[in-house]
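For reference, the structure is listed below as structure tokens.
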Amino acid sequence: SDADYTMIHSYLYAYSMEGTAEEIAVIKLNDKNDAAAVMDSLHKHIEDRKGTFQEYAPEQVALMEKAVVTRNGRYIALIICSKSGLAQKAFQSCFE
């Protein structure tokens, strides 16, 4: 994404090596007040990727439409996968 990396303390990013749409990122912010800006950037990233997949792999667009951007405090997750709801629950359960 085009987020300002000075707002980010650290992150973990995984993506499909086969060129499919799956992506998962967990971001730890320096300041939770920057969450809206980073989340906006991730939503833009989703829209950009959706446009790319519409061009060369339209069957992947459905995954992009199920994408989730969620937050808990200083942590934000971007989840693009077939079971994004389950992944979101797993992310949130880390904070219980």
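Against the longest principal axis of the chain, how steep is helix 35-56, in degrees 0 to 90 to the nearest 10, with axes from Cα atoms?
10 degrees
Students often get this wrong, so check it: of Lys32/Lys66; Lys32/Lys89; Lys28/Lys89, which have C-alpha atoms separated by over 22 Å?
From the list (Lys32/Lys66; Lys32/Lys89; Lys28/Lys89), the Cα-Cα distance tops 22 Å for Lys32/Lys66.
Quick check: the angle from helix 84-93's long axis to the longest principal axis of the chain, C-alpha only, nearest 10 degrees?
Tilt of helix 84-93: around 10 degrees.
Per the Debye formula with a single identical scatterer at each Cα and no solvent contribution, what log10 I(q)/I(0) holds for the chain at q = 0.17, 0.24, 0.26 Å⁻¹?
Listed by q, the Debye log ratios stand at -0.72, -1.28, -1.41.
Less than 13 Å apart at the alpha-carbon level, and either on another chain or at least 8 residues along: which aspartates and glutamates does that give for Lys44?
Leaving aside aspartates and glutamates fewer than 8 places away in the same chain, those within reach of Lys44 are Asp2, Glu65.
Tell me, what is the per residue accessible area of the chain in Å², probe radius 1.4 Å?
Roughly 61 Å² per residue, with all protein chains present.
Within the range 32-70, what residues put their amide N at less than 18 Å from the label point 7 Å along the Cα-to-Cβ vector of Ser10?
In the range 32-70, the label zone of Ser10 (backbone N under 18 Å from the point 7 Å along Cα→Cβ) covers 32.
Could you work out the helix-only [θ] at 222 nm for the chain, with each DSSP H run of four or more residues adding -39,500 (n - 2.57) and the total divided by the number of residues, to the nearest 500 deg cm²/dmol?
Taken over the chain, the calculation gives -12000 deg cm²/dmol.
The values are calculated or read from the model by the stated rules, or taken from the named source; none is laboratory data. These figures come from a predicted structure and were not determined experimentally. Glycine also receives a Cβ, built like all others from the backbone with ideal geometry; neighbour counts cover every protein chain displayed. Please note that ligands, DNA and RNA were not included when accessible areas were found on the heavy atoms of the full protein model with its side chains. Shrake-Rupley method; radii C 1.70, N 1.55, O 1.52, S 1.80 Å.
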